[in-house]
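Report on the following structure.
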Amino acid sequence: MSLAFLVPLFLLGLAGITVPILVHLTRRQRRNVVTFPSLMFLERIPFQEQRRRRIQHWLLLALRSLALALLALAFARPFFDRSALSLGAAAGPREVVVLLDQSYSMEIGNQFTRALIEAREIFDGLGPLDRASLVVFGQGARVVTRSTGDRLRLNSALDTLGVSSSGTRFGPALKVAQTVLEESELPTGEVYLLSDFQRIGWTGNEGVYLPAGAKVIPIKFSEDPPDNIQVTDVDLIRHAVSGRERITPTARIARNGGVDAREVNVSLELDGQEIQTRTITLDADGAASVTFQPFTLSQPHTRGTIRVPADELTADDVRNFVVSPGTALSLLVIDGSGGSTDASLYLRRALEISDDGRFRLIHRRTNNVRAEDLDGTDAVIINDARIDGGSAERLRNFVQAGGGLLLVLGENSGWPASAQDLLPGTAGEPRDRLQGRGGRLGHLEYGHPVFEPFSGPRSGDFTGARFFRARSFVLSDSAIVLARFDDGSVAFAEKGYGLGTVLVWTSTLDSFWNDLALQPVYLPFVHRVSEYIGGRTEALAWFTIGQVLNLADPGALESAGLVSTESAELSDSTDLVALTPSGRSMEFPSDDGPKYLALDESGFYTVRPPGSEPERPFVIAVNVELEESNLTTIDPEELIAQVMSPTPDPETASGLVQTTELQMEDQERRQALWRWMLITAFGLLAAETFMSNWVSRRAVGATLTAT
Amino acid sequence: MGVARASHSGARFLDPAVLARISNLELLARTVVDGFLNGLHRSPYLGFSLEFAEHRQYMPGDDIRRIDWKLFGRSDRHYIKLFEADTNANFSVLLDVSASMSYGSHEVSKLDYARYLTACLTFFSNRQRDRVGLVTFDHDIVEYVPPSMKHMDTILHLLHRASAGRAGSLREPLVKITELLGRKGIVVIISDFYEHPDEILSSISLLRGRGHDVIVFHVLDPAELSFPFEDSSSFEDLETREQIPVIPNRLRDDYKRLVSEHVESVEHRLAENRIDYVLLDTSKPLDLALFQYLLARERWTRKR
């Protein structure tokens, strides 16, 4: 509680205190002039000694000065600003919020245990009317106990807490504290922030502003940065050897801190069994890669772990992954029947080049395509061929059921009008681009999955390809354009049909109408297009803490690495149980709603039907966020300053100021200290009058007596 | 002893506070002189000249040795012989009328006291048939009445209207007066002497060097001697109008010490040059001054 003034300009009146002093020092001397024959002797006595003791009536001076000071203070309209209550002072009951950092970096040096002790001391120090909330936070924040005065409950809640696998973010926790304090009716708010204050936990733009008058008390647990070794990444390279898939894991190991180089054993575990161990030498603050011998991947949902010896920060000492054998896409390539040359030579050669045998090709000409060729086929590529009405209908059914179709237009292309709605548009006559050096691809839709891998710098250059001829193409309403030539005409278009996808490339994929097939980008482009129409999605080897997986979404499950619902015994109609790495069980009933699984523990999650033990259950690997291993700290005061001093919105600043002034005026009116000050000042002036008269009378009497 | 006796016998005529009520200076002088002389056992008219002047009836206090016994045998009455022992001497009073002389902490200012003294001494000397003169001065000569048997009334008139106003000094007026007083005589200097002792001596010694018999009356108000002030005040110099803040309680001892040193220094230096010095307190009766004057006259007469 501090003294404030509504009209501080009147404090300038305090300068009036000098008036009585000057009166004492000057006017009094002029009024009591004594004539004397000569000052010859008086002047020989040191002058300074006379001046120093000229003020005789100190009490009078004090009365006059105090009265003037009180008058000035009264006009300045003083009041005690209760909105700026000092939270440390015992000014009424407190609303205490304890924010406890639960991120995995708190395990270093028993910081979390010490934080629990601190929190317990805070709860023990609560007054009888105080209330407290316990909030734990990592990436997110969770209210363990909300605004209670029950110390036993608060301390019991502390007993259940442990270090999580999460990273650090202060924003959500402070937001919770803000909410608790705003909802509280207690006059004083205190927020205890118990953390190791990692800089990565605060972006500085969290939009959290604690209520006015609230106080943040940081309690920092700091340890010297340990010699921390972490597995930062794992690269799983697939190879097809003798029809079997082999994987070569390469792990990247980094070391933070340390002094001298040291040897580190890095081990590879598969399904819980240690398979290989490699020893590498790491310099201080160094990094190294370790490549293990390839292993044959035969079983789906194989769990793998790269592990380094445990140090003070154990959460980043392992890197989990899940891999399953890849399945080759089955592609049917259809050529024209009358061509004397092999129009699909470049295309077939490109699709056959892959280490892991991801494509299985079936090559047919239009005159010998059989109906059963579409069975088991993921996608069909029609390369410069004329399609009759019956084939088109079969393809329509194929696409509608989820198959993919790529129609490459060339010299011999033809499509029946009866199936025109299957295509993204209508193909016209060939158009030559013989002027100059031919046409180029002018626009690519890099946001599309086909071109997304080429979006980065030095990730593939399509501008080097020259296009000398292409068929004109008129888009239908539901089509989207993936690429255009530099003259704006359509080069690549897409249309969704049923569950499948139809793509049309308006030039050839050989070297007849363009030289794209001679460009480096040709092979990845063909692979990407084939995977896209074949519906292949790259399964994630692992998730990171904080991600959420919808178990009711087949696409999400496929992305998560589910390759066989049969072997995992998962079906849409069954209930699901998810076992967390710590052994906790979460049930998901078989209703129509989403089944969100929050991945908040590091390790392997197992998803299976309740009561069953599948041979190869669906497993999800989860790893910690490596940012948390960055132990660079932030100054708590810097964080608090951003939380406590918001930058007012210019549009609302005037309103805020007005509100503040209204509050101040209201406080001043209620307290009305100026009245008491005026009364006191008048009382002092009356006393001064009485006393000065008395002093004057005494002085006159003394003079008369002297004469 | 003489002083004490005089104080008892003629105190009511010599108290300055009483004299202040007498506006006629001649009457004042006569009253003082007669009252003073009547209190003495030995007549001040005692002269040492052999030149007979006249007989006068014996008055109590006259020296019985001066009774003319032969005349007593013839007339059966007591007469005493009067001789023109001190007659025809030049008697000049140098009266300081500078502003500082106007100061008075009671009814009688220093200038009043000096005027009474001047009137008395002049009257007394005139009775002894001296030629009496008067010079008033501040930093220059203000009025000058040359010594003469007939100037008594003029002197009293000038004394009556003498007033203090300007700043004063000794050196310049005394140099001029020395030139004016050509014939040797008796010179009485009445002042408050706010000058350095060396300056005072050097100024007065001019007169002494011309053969004058000099007697100095240093007139000071009792407030100048005791510094009885209590309240802190601004003290203003009557001559220079300069003001300084003064805390009397703090300065009193220093002031009195300085004044005492000044008086002693002046008296000592004048005595070394055979100049009579008398310190007068204006609250005290005039008999001390008169008595001292008579003693000086007697000494000078004997010397001659």
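What to note about this one:
- Considering (1) at the interface with chain A (Cβ under 7 Å from one of its Cβ atoms); (2) crowded, with 19+ Cβ neighbours inside 10 Å; (3) in contact (Cβ under 8 Å) with a residue 12 or more places away in the chain, the lone condition that B:ASP221 does not fulfil carries the number (1).
- Only one of the numbered conditions (1) surrounded by 11 or more Cβ atoms within 10 Å (Cβ to Cβ); (2) at pLDDT below 60; (3) of a type in the set (Asp, Glu); (4) in the same structural domain as A:PHE170 (by TED's automatic domain parsing) is violated by A:GLU638, and that is (2).
- Residue tally, condition of a type in the set (Lys, Arg) and either modelled with pLDDT of 90 or more or outside the structural domain of A:ALA491 (by TED's automatic domain parsing) (or both), over the stretch A:387-411: 1
- Any pair with Cβ under 9 angstrom, 6 or more apart, that starts in the stretch B:255-274 at a residue that is within 12 Å of another protein chain (Cβ to nearest Cβ) and of a type in the set (Gly, Ala, Ser) and ends at one that is surrounded by 15 or more Cβ atoms within 10 Å (Cβ to Cβ) and in a helix (DSSP H, G or I): B:SER260/B:LEU225
- Evaluation of A:GLY555 against (1) surrounded by 17 or more Cβ atoms within 10 Å (Cβ to Cβ); (2) at pLDDT below 85 (one fails), failing number: (1)
- Test: B:SER92 is polar (S, T, N, Q), in contact (Cβ under 8 Å) with a residue 12 or more places away in the chain and within 21 Å of B:ILE177 (Cβ to Cβ): yes
- Out of B:TYR277, B:TYR293, sole residue that is more than 10 Å from chain A (Cβ to nearest Cβ), modelled with pLDDT under 85 and surrounded by 16 or more Cβ atoms within 10 Å (Cβ to Cβ): B:TYR293
- Of the residues in the stretch A:343-351, not one is assigned to a loop (DSSP other than H, G, I, E, B), surrounded by fewer than 17 Cβ atoms within 10 Å (Cβ to Cβ) and either β-branched (Val, Ile, Thr) or touching a residue at least 12 places away in the same chain (Cβ under 8 Å) (or both).
One line per residue, one yes/no per condition, for (1) among the acidic types (Asp, Glu); (2) within 22 Å of A:LEU482 (Cβ to Cβ):
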{"position": "A:VAL502", "(1), (2)": "no, yes"}
{"position": "A:THR508", "(1), (2)": "no, yes"}
{"position": "A:TYR522", "(1), (2)": "no, yes"}
{"position": "A:HIS527", "(1), (2)": "no, yes"}
{"position": "A:TYR532", "(1), (2)": "no, yes"}
{"position": "A:GLU538", "(1), (2)": "yes, yes"}
{"position": "A:ALA541", "(1), (2)": "no, no"}
{"position": "A:ASN550", "(1), (2)": "no, no"}
{"position": "A:LEU579", "(1), (2)": "no, no"}
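- Going through (1) surrounded by fewer than 19 Cβ atoms within 10 Å (Cβ to Cβ); (2) at pLDDT 90 or above one by one, A:VAL504 falls short only on (1).
- Residues that are surrounded by fewer than 16 Cβ atoms within 10 Å (Cβ to Cβ) and assigned to a strand (DSSP E or B), drawn from the stretch A:432-484: A:ASP432, A:GLY442, A:HIS443, A:SER472, A:VAL474, A:ILE480
- Test: residue in the stretch B:90-109 that is in the same structural domain as B:PRO285 (by TED's automatic domain parsing), surrounded by fewer than 19 Cβ atoms within 10 Å (Cβ to Cβ) and β-branched (Val, Ile, Thr): no
- Within the stretch A:121-141, considering residues that are among the aliphatic types (A, V, I, L, M) and more than 23 Å from A:PHE170 (Cβ to Cβ), the one surrounded by the fewest Cβ atoms within 10 Å (Cβ to Cβ): A:LEU129
- The residues in the stretch B:240-254 that are more than 7 Å from chain A (Cβ to nearest Cβ) and farther than 19 Å from A:HIS57 by Cα can be counted, and the count is 4.
- Scanning the stretch A:1-56 for residues that are assigned to a loop (DSSP other than H, G, I, E, B), more than 10 Å from chain B (Cβ to nearest Cβ) and at pLDDT 75 or above yields A:LEU6, A:VAL7.
- Verdict on A:ALA371 being in contact (Cβ under 8 Å) with a residue 40 or more places away in the chain and small (Gly, Ala, Ser): no
- Every residue from the stretch A:520-559 that is of a type outside the set (Gly, Ala, Ser), touching a Leu at 6+ places or on another chain (Cβ under 9 Å) and within 30 Å of A:TYR104 (Cβ to Cβ): A:PHE543, A:THR544, A:ILE545, A:GLN547, A:VAL548, A:LEU549, A:ASN550, A:LEU551, A:LEU557
- Residue count for the stretch A:247-263 satisfying the condition of being surrounded by fewer than 18 Cβ atoms within 10 Å (Cβ to Cβ) and in a strand (DSSP E or B): 5.
- Scanning the stretch A:164-209 for residues that are among the hydrophobic types (A, V, I, L, M, F, W, C), at pLDDT 85 or above and touching a helix residue (DSSP H, G or I) at 6+ places or on another chain (Cβ under 8 Å) gives A:PHE170, A:LEU174, A:VAL191, A:LEU193, A:LEU194, A:PHE197, A:ILE200, A:TRP202.
- Qualifying position, being surrounded by fewer than 20 Cβ atoms within 10 Å (Cβ to Cβ) and more than 20 Å from B:LEU174 (Cβ to Cβ), among B:HIS139, B:HIS78: B:HIS78
- When the helices (runs of 4 or more DSSP H) confined to the stretch A:108-220 are screened for residues that are under 24 Å from A:SER629 (Cβ atoms), those reaching at least 1 such residues are found at A:111-124, A:170-183.
- Which numbered condition B:ILE215 misses (of (1) more than 19 Å from the chain's Cα centre (by Cα); (2) more than 10 Å from chain A (Cβ to nearest Cβ)): (1)
The values are calculated or read from the model by the stated rules, or taken from the named source; none is laboratory data. Model, not experiment: these values are computed from the prediction. Note that we place each Cβ from the backbone using ideal geometry, even for glycine, and neighbour counts take in every protein chain shown.
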